[in-house]
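The values are calculated or read from the model by the stated rules, or taken from the named source; none is laboratory data. Just so you know, these numbers come straight off a predicted model, no measurement behind them. Glycine also receives a Cβ, built like all others from the backbone with ideal geometry; neighbour counts cover every protein chain displayed. Keep in mind that these areas ignore ligands, DNA and RNA; they rest on the heavy atoms of the full protein, side chains included. Shrake-Rupley method; radii C 1.70, N 1.55, O 1.52, S 1.80 Å.
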Amino acid sequence: MSDGTPHWSRTSRFRIPRAVYIPVTLHLVSSPIALQLPGVTTTTLLASAAALGLLAAACTRAATGAPDLASTPSSVSLRPPLTPSDTRMERFVDSVLAGLTLEEKLGQLTQNVLSAAVTGPQLPEASAADIRAGRIGSFLGTSGAEVTRNLQRVAMEQSRAKIPLLFAYDVIHGFRTIFPTPLAEAASWDPAAVERGARVAAAEGAANGLHWTFAPMVDIARDPRWGRIVEGSGEDPYLGSVMAAARVRGFQGADSTTGVAHKFRDTLTLIATAKHFVAYGAAEGGRDYNVADVPPRTLREIYLPPFHAAANAGAGSVMASFNELDGVPMHANRDLIDGVLRREWGWDGILVSDYTGVMELLNHGAAADSAEAARISIDAGVDVDMVSTFFLKKLPAEVGAGRVPIAVIDSAVRRVLRAKYERGLFQDPYRYSSVARERALTLAPAFVREARDMARRSIVLLKNEGGVLPLRKNLGAIAVIGPLADDSASALGAWAGAGRPQDVVTPLAGIRQAVGAGGRVLYARGAPADTADSSGFAEAVRVAREADAVVLVIGEREDMSGEAHSRASLDLPGVQSELARAVYAAARAAGKPMVVVLMNGRPLSVPWLADNVPAIVEAWHLGVQTGPALADVIFGDFNPGGKLPVSFPRTVGQVPTYYNHKNTGRPPVEGIRWNSKYIDVPWTPLWPFGHGLSYTTFAYGPPRISKTEIQPTDSLTVSVDVTNSGTLDGDEVVQVYVRDDAASVTRPVKMLKGFRRVTLRAGERRTLTFTLRPQDLAFYDIRMRHVVEPGTFTVWAAGSSVGGQPVRFRVVGATTELPDRGPLPLGWRP
Ligand code: BGC
């Protein structure tokens, strides 16, 4: 059944071979009129998917059928009570199920790869034969209105059971209109913008025939060596949970009354997949796929919360992770999949394996043969077997021998059939396969504008000594130097879906556009991103001398992070550090201002830059609109307001470096020897979590709390006055951190529990108020009970995880156990 390729899109996912970019005609829609399809306008789309007639029924249902989440015990399903239309669905699903043979049932649980290269009407005969025989329920990695329609036609016209197929794809940060990488988007600390981005990605993906995305990745990562840190939201469980929920809402569309994502029926949304369940980001040594060794409390408090948030937000699917956890590979982890995810949290979506995850149980040494791998995997709660085909091939005998109850298979098949029903595919299997919609929505101008806005919001100003930035557009000649300055593939970042380098406006092109015909922009590549070739240095230095300001664009190419792209060093690759020194020396000698723009998929250790270069901009990989967004920031048309979602270590030797660490018995104190630090580098990060500057400044008053004493089940509010004390309007991300000062198990030195990105006019003062709920003060005690304990708590409200004035309150009364209902209030919305 497989086409023989080891993994469907390794090249397009990680690095499109640079020499073979094939010019492709873009479906660029230049006129907004082109978007006026019946029921599909950009305005309605971006304003609210719920406005679509197609969604009306679903909204009514969600509004009336939603559970009273606040009173739902944590062990009870969050699935809305059955309404008449649900009952209809269940009846329908049962009737379909009753008509299926065992092989057809297992076909529904089988997902196969169809080469991403198949974009035309031609279907590989092997896949068509599988569809005809009912041996396949969904495809991964193919897209396009025409090809999906053709595949669907085989299922509907030539198979016995006539069950429509699902088409899945890794729409991670955009389908064709590539947005900033998820790590970059998290740096915006702007969940509403992130939700809009996911909505655009879903609309574009769905218009290209897709039903299901394998995103968001919600893995917490404390180790930047791990290449997949680029796909997540960084190191913090609260920020990660907010971003997880925002993305689920964006991909699936969200109901305005309940705040819970839709699962239903419109053709502008995709089923979201929270992945990879769980602790994949804790890979030992940062080496991808490696063992995760995470104590139960850390699992509960750090790695599980974003999944809980995604589940509560209504994610239709969850993907198991490749790693083992304390000796149990996740594809065999019944306690966590069936136990925590399904029973404890009441989540009832599709649990999909990660690629050959079922087969990999053999390599893990957790199954002796493929039959055992299939058996323990379905028993653990995996519903869909991606790629390995073990379910299809091995479960018939397991069922026959009574080792796997047919009821287990039926439950899994029901979940798949429900998803198909909810997508409306039983009513119209071709509804996602509209060539007209595909043309209208692919790279639609409104989507590209949204991508530019998201990109500007994701930029973090790390340093700006002496107000070097913003640069004046008319200051004379600008030298744009560096291997990434004009590298369009790198701007797309890892996992760039169906993104194409030719859609990208590079930093160089963006700066050229911004200064216009009258401006002078000089360019030198300087060095490649990865090798020791320094032959371009002389030209770079000459250009730096000749210009009036220097912008050096360095960092990591898009193929230096992402899956299977871990690094053992966090330094600038190749000779880029040397290039930076040479260009800096030239700029300095000539008295020219210099700005470094970092493009990277992970935190980099760049202490020399931090010490020497006056202005440093963190630009990650910002997608198709990298250049315009950067130019907006560099020339001050947009005042940067992003903050780091992850700490930047000074050196890889400090890893793991995360702000919410424990205090230890010997917390580090400068100048005193016998405490927890290094003798060769400071113990602090280069830039801390939450750090980010602006072209204006913000002053914080002391935080005020509504009560100095509360009961364990009480909430309280924290208010803080924030003043834009500079001369420009700007954005600040106000962050609230909490510490439980003394508890029966040790607690982190601080934990993010709230934040808000606000725009303040120059001179404006605003009071921001945050609510701390009992859940925000709770933790897992020594018996793994989720409790609030009496004692004092310290609160900070600040613009970073470092600093801020502390204020204290006390919880009085007895230790109180609370159900863990997830890190965000139920029904949370940005
Ligand atoms: C990755 C997943 C991805 C899947 C399908 C796997 O290798 O770990 O994140 O969704 O492939 O492409």
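Ranking ASN333, THR181, THR794 by how far each Cα lies toward the positive end of the dipole of the chain (charges on Cβ) leaves THR794 at the top. Heavy-atom accessible surface of SER127, to the nearest 10 Å², is about 10 Å², with a 1.4 Å probe and all protein chains retained. Each principal axis of the Cα cloud of the range 410-539 was evaluated for its coordinate range; sorted largest first, these ranges are 67, 36, 30 Å. Projecting the Cα positions of ILE554, SER388, LEU826 onto the charge dipole of the chain (unit charges on Cβ atoms of Lys, Arg, Asp and Glu, taken about the Cα centre) puts LEU826 furthest along the positive direction. 3J(HN,Hα) along the range 650-659: 6, 8, 4, x, 7, 5, x, 10, 9, 6 Hz, from the Karplus curve 6.51 cos²θ - 1.76 cosθ + 1.60 with θ = phi - 60°, whole Hz, x for Gly and Pro. The alpha-carbon of LYS643 sits under 20 angstrom from the alpha-carbons of these lysines, leaving out residues fewer than 8 places away in its chain: LYS463, LYS750, LYS753.
Can you send over the carbon and sulfur percentage of the accessible area for the chain, probe radius 1.4 Å, protein chains only? Walk me through the numbers on the way to the answer.
Working: 14980 of 28300 Å².
Ligands and nucleic acids excluded, carbon and sulfur reach 53 percent.
So what's Rg/Rh here for the range 655-754, counting alpha carbon atoms and using the Kirkwood radius for Rh?
1.03
Calculated accessible area for the range 358-428 comes out at 35 Å² per residue, all protein chains present (probe 1.4 Å; ligands, DNA, RNA ignored).
Counting Lys and Arg as +1 and Asp and Glu as -1 over every other residue whose Cβ lies under 9 Å from the Cβ of PRO628, the net charge comes to +1. For VAL171, the residues whose modelled amide H falls within less than 5 Å of its own, excluding neighbours fewer than 5 places apart on the same chain, are PHE214.
Summing -39500 (n - 2.57) over the DSSP H runs of n ≥ 4 in the chain and dividing by its residue number, what mean residue ellipticity at 222 nm do you reach, to the nearest 500 deg cm²/dmol?
Details: 24 runs with 231 residues, N = 830.
For the chain, the value works out to -8000 deg cm²/dmol.
Sorted from greatest to least, the principal axis extents spanned by the alpha carbons of the range 510-612 come out as 45, 29, 26 Å. Taking a straight Cα-Cα cut-off under 12 Å and skipping sequence neighbours fewer than 8 places away in the same chain, the aspartates and glutamates within cross-link reach of LYS473 are ASP548, ASP632, ASP637. Distance distribution P(r), the chain, all Cα-Cα pairs, bin width 20 angstrom from 0: 16, 50, 30, 4, 0 percent.
Counting only heavy atoms of the protein chains and using a 1.4 Å probe, ILE378 has close to 10 Å² of accessible surface.
Largest first, what is the accessible-area ranking of VAL541, VAL595 with a 1.4 Å probe?
On the way: VAL541 25, VAL595 0 Å².
Ranked list, largest accessible area first: VAL541, VAL595.
Looking at the range 707-823, the accessible area is 41 square angstrom per residue; that uses a 1.4 Å probe and ignores ligands, DNA and RNA.
With a sphere of radius 13 Å drawn around the Cβ of ARG403, what net charge do the other residues whose Cβ falls strictly inside it have (Lys, Arg +1; Asp, Glu -1)? Walk me through the intermediate numbers first.
Numbers: positive: ARG375, LYS394; negative: ASP369, GLU372, ASP379, GLU398.
Neighbourhood net charge equals -2.
Sequentially through the range 734-749, phi angles give Karplus couplings (6.51, -1.76, 1.60; θ = phi - 60°) of 8, 10, 10, 10, 10, 10, 8, 5, 8, 8, 6, 10, 5, 10, x, 5 Hz, Gly and Pro residues having no value and appearing as x.
Straight-distance candidates among the lysines for linking to LYS105, with alpha-carbon spacing under 27 Å and chain neighbours fewer than 8 residues away dropped: LYS162, LYS263, LYS275, LYS393, LYS394, LYS420. When both the range 572-650 and the range 771-808 are represented by their alpha-carbon centers, they are found 35 Å apart. Residues TRP796, TRP212, sorted by accessible area with the largest first, give TRP796, TRP212 [1.4 Å probe; ligands and nucleic acids excluded]. Here the extension length gained between ALA568 and ASN675 equals 35.8 nm, from 0.36 nm per residue of separation less the Cα-Cα distance. Taking all protein chains as they are arranged and a probe of 1.4 Å, the heavy atoms of TRP226 leave approximately 0 Å² accessible to solvent.
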